[in-house]
Every structure is written in C-alpha cells, then in structure tokens.
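*Asks:* One structure is given below, represented as structure tokens, and several questions about it will come after.
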Amino acid sequence: MQPLFDYSTFETRRQFFARGKNALGMAALASLLGRDSGAADHPAKVALQFAPKAKRVIYLHMVGGPSQMDLFDPKPEMEKWFDKDLPESVRKGQRLTTMTSKQKRFPIAPSKYKFAQYGKSGMWLNSELLPWFSKCTDDVAFIRSMFTEAINHEPAITMMQTGNQLAGRPCLGSWMSYGLGSANEDLPTFVVLVAEPSNKEQIQAISGKLWTSGFLPGQHAGVAFRSKGDPILYINNPPGVTKDVRRTTLDGIKALNEQNAALVGDPEIHTRIAQYEMAFRMQASVPDLTDFSKEPASTFELYGEAARKPGTFANTALLARRLTERGVRFVQVYHNNWDHHSNVAGRMPDQCRDVDQPIYGLIQDLKSRGLFDDTLILWGGEFGRTIYSQGGVSKANYGRDHHPRCFTMWAAGGGIKGGTVYGATDEFSYNIVENPVHVRDLHATLLQLLGFDHSRLTFKWQGLDAKLTGTEAARVVKELLA
C-alpha cells in the first residue's frame, strides 16, 4: 500500500549508504512524506478520501451491555405490562442466551427510573441517574437503533471492536493508527485505559485481543496503560542504570536486530526496533503525562474528586483528555460491570455515578481547549438488554438478559450533529422499527468522519484487500453528520 514507506523503512543500512549522493535527498523525502499540514505523522499514513472532521477518537466502551430502556430509550407503556409475559409476536422465536432460554415465562420489567426531556432537542434521559450528562444532550447524537448478530459477550465485544465476531482481526484503534499515523513521536498512536468500576458484582473479562493489530503491522497495536503503579511496566530504569547506559544498550540491540533483519527480511523485526525506540522516548514523556499535580483545582471540580484517584473512570477520563491534547490518535477506555443480569436497582446507580460527571467534564474540558470539534467521542456497549426480567421481577428491582436486536449508543464532537436522535424501537424496546444501524454501519460512519471511505481503507491479507467493515454491505449514516 505504501511502497515509499516500505522502502525507506525496511532497506538495510548497506543499501542506504550504497545510494551515495542520493542518500541525503531520499532521507529528506522520507521526512517530508510524514508531514501533512504541520502534523508530525509518520510516512505510513494512507491517503484520505474526504476532508476529515475528526483528528482523534475517545471511545468509551461500557463492558457488558448497558440497559437502553433504563437510560436512553424510555418505554412508559410498559407500566401497564408489569409482570405480564412478553408476547411471542414480539419475541418472534429469537435466540436466547442459556441464562434465560430455560425460563418458563418472560415477565415484563418496566424501568423503575424516571425520565425527563433535556436540551433544545428534547432528548429523553434517565433524570435520576444522569444529572450531569443531561446538560450535554445538544452536543450528542443518540443512535437508538443499533443492532448486532452476536448474543454473547466475547463475540459481541469482538465484533464491536474489530468488525468481526472471530478474534484476530485489527481493532478500531489499530485501523486508525494504520490510516492516520502518529501525531506525537514520544507517545503511542493508540492507547488503552481500563477503568475500575466502584461496583464489582459482575466483572467481564477484558483481554489484550481487543486491542490487537491483527494482520496489520505490530506497531499499530494498542498500548495498555496500567491504572495503578507505573503506567507501563518497566517504564523506569532499574537502580544503577542511567539514561546513557540504557541508550548504549538499545543501540547495541538495534544493531543486532538490523543484522537479523538484513538476514531474514522479517518486517516484524523493524517493528521491534521502532517499539524499543518508542519505549525509550516514553520514559521521558509518560511520567509528565500521568502527573496530575499541576492540574488546577477547577479540573477536579469539573471531573469530580474521584479524578484524583488512579484507576477510577473520572481519573481515566482526565487522562484521556491529556493524551488527546498531546496528539494520541485513539484512546480506548473500558469501564466494566454493565452486565445487568440481576440487581439493576443496586448496580445501575453505581455505574452511572462512575461515569456521569466525568463524561460531562470531558466534553466541557475538550470544548474549553478547542479540541471538541475535531475529537470524536463514542459511548456504548456490545449490545443491549431485554425488557423482560431474568429471574424474578418486582417494581423495585429486576435483572435483564443480553439483547442484540436493539440498543442505544451515542457520539459527540468530531463532525457529529449534536441534538440528534436517530432510529426508533417498538414499545417493548425489543425490535427496531425505524432506521436500523448495524455495527458495520457505525464503523463506516466513524471512518468517514476521519476522512476515509471504508471500502478503500484496506490492507492486503491472504490475497484479499481486507477492511474493517469486511465483505458485507455497510453504509455511512449521513443523518448523524454535521
């Protein structure tokens, strides 16, 4: 895809010097190839097909599947259906998980929470649990008609992150790294943050396969920052090892790797060399990045006092802002415990309390720094929840099973038309009745905001021009675009 980049990156030292009088000119060309409108992008950058509206992404993934009818998709008619069975005409023989497929009945569980309209758009929100976020509705586009085929967590979250239910494909952040390149040579292009929920009743597994680069070069994989201790293992030199000693060591390792690359021609060796160099530069940049001591008191008033505590969602949201303002292209944030099979009344308040003010703070903070208009924020889970209760039901509490047929996600900033409500579900929030949006459609839309035609951002793999949206049809949801 990028012959000039491949040539300048993978050639051997002997080949470089053999070019004689052209060496300086080619070196200058390789440097210039990485510059675009003043950005410090590397030469692997793929040609854009559209003028980008977003330069960076913060993806807030709520692991487990938030309940749409308890947060964003109110169904007041369900009050009349309390504890009545879900009609078969609504369920239509849908495949169920093993957790509810053996239930003798499927009792309707209306949301116990109150809803109200907010903003000029009149968006309905859970008025009890989202008081801070309710102030942002005119900045946000809500997609009430998301759907997917996956019914269990692993294939569903893998689909949401990589465009395929099978593991091993590149994730969103890796595609963005591959397409846009770096905007800061001292930090990774793609960073992963895992926030710790205050409630830990039902934690889902989150593994590194979700931020893998798949068949893309290894340099495009996500770099996970730890929430406690050193943000990256071994980021600091051990006692007695100075920066000069580390530099000398790395120079020696680099020379050995270059010899090996010249011998076997494996491009992953060049990735290893580049990652060693990145790690060396990060030793200086990361400590400053994660040091919040210079943040004014107003920052913690904005995000909430929890932002002072490492590992909290609030702390992670603030770190996401600091990463994006330093040029990191894609920040992936995971927040766990949204798998509400039981005790919605006990867990939903904790989950919302974790994320409500920090999300408001993040949006306002990006606005104040002039970053909101070209930073795309995406929020959502891997699927939704059922209107019927898993297990017993009462008006005070209930549980909800997985539901891939319809769920709600939202996006803000980065070319999104704020104050938009797109799509609709039936009175049971069980089936889509207007403007369905598949996961592939969401991916196609995100790529267009970043400047790419999803059908043309490809990578040659196993004889195919592989792409994020795969081989099935996908459409850009233009109604969401400003």
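The values are calculated or read from the model by the stated rules, or taken from the named source; none is laboratory data. Here the structure is a predicted model, which is why all the values come from computation and not from measurement. Please note: Cβ atoms are built from the backbone with ideal geometry, for glycine as well, and neighbour counts cover all protein chains shown.
*Asks:* Please go through segment 326-350 and give me each residue that is in a loop (DSSP other than H, G, I, E, B) and closer than 30 Å to Q219 by Cβ, ordered by number.
*Replies:* Across segment 326-350, the qualifying residues are R326, G327, V328, R329, N336.
*Asks:* Quick check, is R475 free of Cβ contacts under 8 Å to residues at least 40 places away in the same chain, charged (D, E, K, R) and touching an Asp or Glu at 6+ places or on another chain (Cβ under 7 Å)?
*Replies:* On the way: free of Cβ contacts under 8 Å to residues at least 40 places away in the same chain: yes; charged (D, E, K, R): yes; touching an Asp or Glu at 6+ places or on another chain (Cβ under 7 Å): yes.
So R475 fits the description; yes.
*Asks:* Now a separate question. Which of the residues that make up segment 198-252 are farther than 24 Å from P267 by Cβ, in contact (Cβ under 8 Å) with a residue 24 or more places away in the chain, assigned to a loop (DSSP other than H, G, I, E, B) and not aliphatic (A, V, I, L, M)?
*Replies:* Residues satisfying the conditions are S198, N199, K200, E201, Q202, Q204, S227, K228, P231, N236, N237.
One line per residue, one yes/no per condition, for (1) free of Cβ contacts under 8 Å to residues at least 60 places away in the same chain; (2) surrounded by fewer than 24 Cβ atoms within 10 Å (Cβ to Cβ); (3) over 25 Å from G413 (Cα atoms):
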residue	(1), (2), (3)
F82	no, yes, yes
L86	no, yes, yes
G93	yes, yes, yes
T98	yes, yes, yes
K104	yes, yes, yes
A109	no, no, yes
K114	yes, yes, yes
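*Asks:* Mind listing whichever residues of segment 67-90 are closer than 16 Å to F383 by Cβ and outside any loop (DSSP other than H, G, I, E, B)?
*Replies:* If the condition is that a residue be closer than 16 Å to F383 by Cβ and outside any loop (DSSP other than H, G, I, E, B), then Q68, M69, D70 are the ones that fit.
*Asks:* May I pose another question? If a residue has to be of a type outside the set (D, E, K, R) and farther than 30 Å from A307 by Cβ to count, how many in segment 228-257 make the cut?
*Replies:* 14
*Asks:* Just to be sure I understand the filter: pairs with C-beta atoms under 9 Å, separated by 6 or more residues or on different chains, first member in segment 352-364 and of a type in the set (F, W, Y), second member in a helix (DSSP H, G or I). Which pairs pass?
*Replies:* The qualifying pairs are Y360/F133; Y360/S134; Y360/K135; Y360/C136; Y360/L302; Y360/Y303.
*Asks:* Which one of R326, R272, R347, R321 is over 30 Å from D401 (Cβ atoms) and surrounded by 19 or more Cβ atoms within 10 Å (Cβ to Cβ)?
*Replies:* Among R326, R272, R347, R321, only R321 is over 30 Å from D401 (Cβ atoms) and surrounded by 19 or more Cβ atoms within 10 Å (Cβ to Cβ).
*Asks:* I'm told E382 meets every condition in (1) surrounded by fewer than 24 Cβ atoms within 10 Å (Cβ to Cβ); (2) at pLDDT 95 or above; (3) part of a loop (DSSP other than H, G, I, E, B) except one. Can you identify the failing condition by its number?
*Replies:* Of (1) surrounded by fewer than 24 Cβ atoms within 10 Å (Cβ to Cβ); (2) at pLDDT 95 or above; (3) part of a loop (DSSP other than H, G, I, E, B), only one is false for E382: (1).
*Asks:* If you take the residues of segment 277-294 that are surrounded by 15 or more Cβ atoms within 10 Å (Cβ to Cβ) and not small (G, A, S), which of them is modelled with the highest pLDDT?
*Replies:* F292
*Asks:* Would you kindly identify the strands (runs of 3 or more DSSP E) lying entirely within segment 429-482 that contain at least 1 residues that are surrounded by fewer than 23 Cβ atoms within 10 Å (Cβ to Cβ) and among the hydroxyl-bearing types (S, T, Y)?
*Replies:* By residue number, 458-461.
*Asks:* Would you check if there is a residue in segment 164-174 being crowded, with 22+ Cβ neighbours inside 10 Å, within 20 Å of V437 (Cβ to Cβ) and either among the acidic types (D, E) or under 16 Å from the mean Cα position of the chain (by Cα) (or both)?
*Replies:* Yes: one or more hits.
*Asks:* Here's another thing I want to ask about it. From (1) in a helix (DSSP H, G or I); (2) surrounded by 15 or more Cβ atoms within 10 Å (Cβ to Cβ); (3) assigned by TED's automatic domain parsing to the domain that holds P131, pick out the condition that doesn't hold for G311.
*Replies:* Of everything listed in (1) in a helix (DSSP H, G or I); (2) surrounded by 15 or more Cβ atoms within 10 Å (Cβ to Cβ); (3) assigned by TED's automatic domain parsing to the domain that holds P131, G311 misses just condition (1).
*Asks:* A further question follows. Could you list, in sequence order, the residues of segment 385-402 that are of a type in the set (V, I, T) and crowded, with 24+ Cβ neighbours inside 10 Å? Don't jump to the end; show me each part of the working.
*Replies:* Start the filter on segment 385-402 by keeping residues that are of a type in the set (V, I, T), which leaves 386-387, 393.
Answer for segment 385-402, where residues must be of a type in the set (V, I, T) and crowded, with 24+ Cβ neighbours inside 10 Å: T386, I387.
*Asks:* State yes or no: is R405 among the basic types (K, R), crowded, with 21+ Cβ neighbours inside 10 Å and in a strand (DSSP E or B)?
*Replies:* no
*Asks:* Kindly list, by first and then second residue, each pair from a residue in segment 146-170 that is free of Cβ contacts under 8 Å to residues at least 40 places away in the same chain to a residue that is of a type in the set (S, T, N, Q) and part of a loop (DSSP other than H, G, I, E, B), limited to pairs with Cβ atoms under 6 Å and residues at least 6 apart or on different chains.
*Replies:* Taking only residues 6 or more apart or on different chains, the pairs are P155/Q165.
*Asks:* Any residue in segment 281-294 that is within 13 Å of L319 (Cβ to Cβ) and β-branched (V, I, T) sitting within a Cβ distance under 8 Å of a residue that is surrounded by 11 or more Cβ atoms within 10 Å (Cβ to Cβ) and modelled with pLDDT under 85? List the pairs, counting only those 6 or more apart or interchain.
*Replies:* Close Cβ pairs (under 8 Å, with a partner that is surrounded by 11 or more Cβ atoms within 10 Å (Cβ to Cβ) and modelled with pLDDT under 85) amount to V286/P231; V286/I232; V286/I235; T290/P231.
*Asks:* Given the criteria modelled with pLDDT under 95 and in the same structural domain as I58 (by TED's automatic domain parsing), does G391 qualify?
*Replies:* It is true that G391 is modelled with pLDDT under 95 and in the same structural domain as I58 (by TED's automatic domain parsing).
*Asks:* For segment 108-153, what are the residues that are in contact with a Phe, Trp or Tyr (Cβ under 6 Å, 6 or more places away or on another chain) and either part of a strand (DSSP E or B) or on the phi > 0 side of the Ramachandran plot (or both)?
*Replies:* I108, F115, Q117, W124, L125, N126, V140, F142, I143, M146, listed by residue number.
*Asks:* If I filter segment 273-285 for residues that are under 21 Å from T189 (Cβ atoms), β-branched (V, I, T) and in a helix (DSSP H, G or I), do I get at least one hit? I'd like the intermediate steps shown before the answer.
*Replies:* Within segment 273-285, the subset under 21 Å from T189 (Cβ atoms) is 273-285.
From what is left, the residues that are β-branched (V, I, T) are 273.
In the following step, the residues that additionally are in a helix (DSSP H, G or I) were identified as 273.
Within segment 273-285, one or more residues are under 21 Å from T189 (Cβ atoms), β-branched (V, I, T) and in a helix (DSSP H, G or I).
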